[in-house]
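The values are calculated or read from the model by the stated rules, or taken from the named source; none is laboratory data. This structure is a prediction, so every number in the text was calculated from the model and none was measured. Note that we place each Cβ from the backbone using ideal geometry, even for glycine, and neighbour counts take in every protein chain shown. Ligands, DNA and RNA are excluded from the accessible area calculation, which covers all protein heavy atoms including side chains. Shrake-Rupley method; radii C 1.70, N 1.55, O 1.52, S 1.80 Å.
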Amino acid sequence: MALRVFGRLLRDGAVISTRLIGSARQESASCLLASGSAAARSRGGRHGFIFTPACFITSEAFLGGVMKSTAAETDDGVYHLPASVPPESSEQVSLLHRHPDQPPDSKVLKVAIIGAPNAGKSTLSNQLLGRKVFAVSKKVHTTRSRSLGVLTEDNTQIILLDTPGLTTPFKAKRHQLEKSLLVDPWNTVKEADLMVVMVDVSDRWMCSALDFEVLKCLAEHPHIPAILVLNKVDLFKAKSRLLDITAQLTCGVVNGQRVRVRPVIKPPWAKKEPERSSELPPDEDTAALEGGETPNSVLSKEKLKQLRSQRGWPHFKDVFMLSSVDREDVETLKSYFLVEAKPGPWKYHSEVLTDQSPEDICTNIIREKLLEYLPQEVPYSVTQSIELWQDGENGELDISVKLYTKKESHMSMVIGTAGKMVARIAREAGDDLSRVYLRDVRLKIAAKLKK
């Protein structure tokens, strides 16, 4: 049974909402949050505030709306299965062009999920959709282009815009990355109603300051509301530091209100955080200050220099702390989106799950397995070709894919000892595809040296 504890943070508004799950994940955070004379008092922990995911900082009035929405979902008592993807391209195209079956009081929200590479953007999108339609791996640049997911509940449609991790032309050239990794995130943000900035707090470098490309993206679109999502809190051992990180990445301001995080005990040997310095090589740093990193950048040299000295963004509307692999955590964020949606026509029929073709999903899932199981740069150089896509005799879907490698040594790694690696990739990818298409999938994969 889950409980909610609310501690007042700000005199006229900000509240921290924490869902306490009865598990070993509960830990105390040795810090107080305060604004003026108001502070979050101890809730039973001798070190101060009790924290467990999921947690978000928001206005009390808005929190009431989220609670009301969550209560309505609970009272309904009916679990609706998420949509699936038709296994035939013609069916998917027909579905995408079908007229939206919206109710009279329809609401819609377009959400662009941005962040540095490997922040957990696709994992969050999959969890929100209820099906795995976006590739996920521990390696960077798993997502190569902008993809769209559609979540439809009752009268509300949430359109999730999953983007590649923000990078620079310098890095793209050095690693021979596709142009889509540079262009898609920036173009996607332009069509969004809400930006979700994801930060991997388990990465000590990522959680110390917002990625510079993320800051530039936020600065170029200050009119689009943005929220901060601190992801992978389940992997973050020092839970007491989460609130310090929040204050740092928000410049101490959430929704226009000042937030101060005051440690209860700070040892005299505690070091001050160093000023943010450029992490880019000289050539890339010069390009950044000249605005040359971002396609059609509208930021001046002065603005870029100012952003370079910033660690966070002071205009976030709300802050969430969660684990994107935890369904209950993600439900809190989903409730937030449903409340944030504004009256308007749906863009898609309620049965649409994604705008990707069945073949694209297949190649992306296979690529995910290659990234997961092959070392270093090997999976990035492998290309794919779908040789067969047809219905089997017993209603299953037969798919045959050929992988092309540039080196014989790479081909040996793809095949593995006695063909065990390629068999494992085919088996696991086939299982994932079966859950997306809602059909048995027989996937065969062969490897060939590209001449």
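For Val414, state whether it is more than 27 Å from the chain's Cα centre (by Cα) and either among the hydrophobic types (A, V, I, L, M, F, W, C) or on the phi > 0 side of the Ramachandran plot (or both). Yes; evaluated as a whole, the condition is true for this residue. When Leu109 is tested against (1) open to solvent by 10 Å² or more (accessible area, probe 1.4 Å); (2) over 14 Å from the mean Cα position of the chain (by Cα), exactly one condition is not met: (1). Just to be sure before I move on: is Leu177 in the same structural domain as Lys138 (by the TED database), modelled with pLDDT under 65 and in contact with a His (Cβ under 9 Å, 6 or more places away or on another chain) in the structure I sent? Considered against the rule, which asks whether it is in the same structural domain as Lys138 (by the TED database), modelled with pLDDT under 65 and in contact with a His (Cβ under 9 Å, 6 or more places away or on another chain), Leu177 comes out as yes. Going through Ile425, Ile445 one at a time, which residue ends up being surrounded by 15 or more Cβ atoms within 10 Å (Cβ to Cβ) and either assigned to a strand (DSSP E or B) or of a type in the set (Asp, Glu) (or both)? None of the others qualify; the one that does is Ile445.
Any residue at all in the stretch 308-329 that's over 30 Å from Leu235 (Cβ atoms) and either in the same structural domain as Ser208 (by the TED database) or among the charged types (D, E, K, R) (or both)? No - not one qualifying residue is present in the stretch 308-329. Highlighted here are the strands (runs of 3 or more DSSP E) found entirely within the stretch 304-408 that include at least 3 residues which are polar (S, T, N, Q) and open to solvent by 30 Å² or more (accessible area, probe 1.4 Å): 383-391. On inspection, Asp391 passes the criterion of being in contact with a Pro (Cβ under 9 Å, 6 or more places away or on another chain) and among the acidic types (Asp, Glu).
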